């Protein structure tokens, strides 16, 4: 299976729409040139932007958790989604080097369920405490049948915007301009699917087990619904610690929708260099099982899912061990995954795939 439409999404079309949207946004940047709030990053493809307020350098990022929400509606487990919401925006900020400080969120619902809302906000509280952020704003909007979902319970969408500051250790945000040939690439291991690729996951589950697929046993301890709801591991505390430790990083890729190659291309745009990724973390067990259940082609799996790799960091070879040491000290799994090359392509090789992507 190598047809993007079988997943319910078209990554190429999504990229084109994002490019169009950024084109319109960029036309507004001149409105605030040399004024407080001027947008400092004017390159396409970044997940967050830097705003200048005098000497203060503030980053801003917005995102949501997509159709992973259906897992909560199916299982009645709501408190884990806060980690997904924070991971999407905090880790986007960390990708550019920002230290996230505040988050504001909007919950759109068809009708109110106080217990569910309380559980969502409890999880958001726990996630923000995990990475030292404050919940500084939010809204709950009742939109009736404009919001659909699974079952008879509360249906909802959840999105947020986060801000952060650029640490004094950094002269500028990470934008890939300092990446050079021979640099080391470090992979950070993910716990699960984060908040991406669930359109394809749900199609596989529905075809394999029917309407109540979330209740099917994954193993003797958990159902498929519970396993797929595994909360995102937030990498922000690790990146912040690395920066404050003085370790040098030249680029970071947050592996979200579009997979490893599509997201790592963002790091290489500024230099036109390539990458050899020959020691990535192998796909997680749950991903391997879904590949088999859905007869998913490797190129599709690596396009829609992180395949066990939540972030990729680039550093000088001499700095790589220091970064690995920090990760080990903080309980994150990290390993050398490859290196930057002069070839204008990204080559990826694992036990199940050998892929290339041109820049």
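Just one of the listed residues (290, 280) is surrounded by 20 or more Cβ atoms within 10 Å (Cβ to Cβ), outside the structural domain of residue 17 (by TED's automatic domain parsing), assigned to a loop (DSSP other than H, G, I, E, B) and modelled with pLDDT of 95 or more, namely 280. Working only within segment 212-236, note down all residues that are within 18 Å of residue 81 (Cα to Cα) and outside any loop (DSSP other than H, G, I, E, B). Listed by number, the residues that qualify are 214, 223, 224, 225, 226, 227, 228, 236.
Does residue 177 count as more than 18 Å from residue 70 (Cα to Cα), assigned to a strand (DSSP E or B) and in contact (Cβ under 8 Å) with a residue 60 or more places away in the chain? So residue 177 does not fit the description; no. Output the residues belonging to segment 331-350 that are exposed (fewer than 14 other Cβ atoms within 10 Å of the Cβ) and at pLDDT 95 or above. Once the filter is applied, which keeps residues that are exposed (fewer than 14 other Cβ atoms within 10 Å of the Cβ) and at pLDDT 95 or above, segment 331-350 yields 331, 342.
Can you confirm whether segment 196-211 contains a residue that is in a loop (DSSP other than H, G, I, E, B) and buried (at least 19 other Cβ atoms within 10 Å of the Cβ)? Steps first, please.
Of segment 196-211, the ones in a loop (DSSP other than H, G, I, E, B) are 196-197, 210-211.
Subsequent filtering for residues that are buried (at least 19 other Cβ atoms within 10 Å of the Cβ) retains 196-197.
Yes, because at least one residue in segment 196-211 is in a loop (DSSP other than H, G, I, E, B) and buried (at least 19 other Cβ atoms within 10 Å of the Cβ).
Residue 223 - would you say it is at pLDDT 95 or above and closer than 21 Å to residue 126 by Cβ? For residue 223, the condition - at pLDDT 95 or above and closer than 21 Å to residue 126 by Cβ - is not met. When restricted to residues that are over 16 Å from residue 255 (Cβ atoms), in a loop (DSSP other than H, G, I, E, B) and in contact with a helix residue (DSSP H, G or I) (Cβ under 9 Å, 6 or more places away or on another chain), segment 332-359 contains 3. Against the conditions (1) in contact with a strand residue (DSSP E or B) (Cβ under 8 Å, 6 or more places away or on another chain); (2) outside any strand (DSSP E or B), residue 312 satisfies every one except (2).
For residue 244, the conditions (1) at negative phi; (2) touching a residue at least 60 places away in the same chain (Cβ under 8 Å); (3) crowded, with 19+ Cβ neighbours inside 10 Å are fulfilled apart from (3).
Looking only at segment 239-259, how many residues end up being in contact with a helix residue (DSSP H, G or I) (Cβ under 6 Å, 6 or more places away or on another chain) and not in a loop (DSSP other than H, G, I, E, B)? Of the residues in that region, 8 qualify. The residues of segment 131-148 that are touching a residue at least 60 places away in the same chain (Cβ under 8 Å) and in contact with a strand residue (DSSP E or B) (Cβ under 7 Å, 6 or more places away or on another chain) amount to a single one, 131. When every residue of segment 48-56 is checked against the conditions, none turns out to be under 16 Å from the mean Cα position of the chain (by Cα) and assigned to a helix (DSSP H, G or I).
What number of residues in segment 159-195 are modelled with pLDDT of 95 or more, surrounded by fewer than 23 Cβ atoms within 10 Å (Cβ to Cβ), over 24 Å from residue 248 (Cβ atoms) and in contact with a helix residue (DSSP H, G or I) (Cβ under 9 Å, 6 or more places away or on another chain)? Number of matching residues: 3.
The values are calculated or read from the model by the stated rules, or taken from the named source; none is laboratory data. Computed from a predicted model, the values in this text were never measured in an experiment. A quick note on method: Cβ atoms are made from the backbone with ideal geometry, for glycine too, and the neighbour counts reach across all protein chains shown.
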